[in-house]
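None of the figures in this text is laboratory data; all of them are computed from the coordinates on show. Keep in mind that what you see is a predicted model, and the values were worked out from it rather than measured. As a convention, Cβ positions derive from the backbone with ideal geometry for all residues, glycine included, and neighbour counts pool all protein chains shown.
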Amino acid sequence: MSNGKVETSVKNGIATVQFMHPQSNSLPGTLLMSLAAEIEKAGNNKDVKVIVLKSEGEKTFCAGASFDELISISDLATGKKFFSGFAAVINAMRKAPKFVIARIQGKAVGGGVGLAAAADYTLATEAAQAKLSELNVGIGPFVVGPAVERKIGTSAFSSMSINAGEWMSAEWAREKGLYVNVYSTIAELDKAVGELAVKLAQSNPEAMAMLKKVFWQGTEDWDKLLSERAEMSGKLVLSEFTRNFIEKFKQGVR
């Protein structure tokens, strides 16, 4: 339980992939690879027509990178491997021949914003503020950047990246296209997600697969691109700035 978990259930053509981690649904490397594997498995399952991505709890959808793991990185290879986990999840969502609906019930930080952006259709609550906090740590949203920029545009992505300490409201995220719609309560969100998933599960899977290819046209180089971005982040996490930030964080100085 301390390492978190990823669970998948399939019912009536709907695969629900749910992850959790006790530290605000943050994502250590093992959890990232499990999440990527489960999404890929659901995408290849002939009984699955649509995928719903969600996390446990009510307050935070995903706190992004696991800080405990971030502070343990001591060499470039380890750093690249860790950030490649985010690349694996985004690419799994991109390449799955099924639509991915993301259910964002609470705050999304860093990699969590990347998951919201990589989904084909994202619904959220009013509590689902979003923040790209990477620059504060001394790195940048390099791996999730292509997915976020593709979804909300360069201007909004630049704003989020530069204002790394600022929470963007769920309504702002809706206006920029990160979220399709925003609901007052989790119950309303779940109702909307459920109704859409049922509708898509009854739609023509061949048509949906073809539409998915159209939607993601132009991203065929992302396997290579996101790997390169993971190396950039892996290098920066070893920088003097980031190591000093981490040391201050460990000492409780924010």
Once each part is reduced to its C-alpha centroid, what is the distance from segment 145-188 to segment 44-98 in angstrom? 18
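Please give me the summed charge of the neighbours of residue 187: other residues whose Cβ is under 15 Å from its Cβ, Lys and Arg +1, Asp and Glu -1.
-2
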Considering only the other residues whose Cβ falls under 10 Å of the Cβ of residue 89, what net charge follows from Lys and Arg at +1 and Asp and Glu at -1? -1
With N denoting the number of residues in segment 77-220, provide Rg(C-alpha) divided by 2.2 N^0.38 Å, to two decimal places. 1.05
Square roots of five times the C-alpha gyration tensor eigenvalues of the chain, ordered largest first and given in whole Å, equal 29, 19, 17
Given the peptides 91-100, 211-220, 224-233, arrange them by the average over their residues of other C-beta atoms within 10 Å, most packed first. 91-100, 224-233, 211-220
Over 23 Å between alpha carbons, listed pairs 107/224; 59/212; 5/107; 41/95; 98/151: 107/224; 59/212
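Counting DSSP beta bridges with both partners in the chain, what percentage is antiparallel, nearest 5?
25
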Please state the relative contact order of the chain as a whole percent: Cα pairs under 8 Å, 6+ residues apart? 21
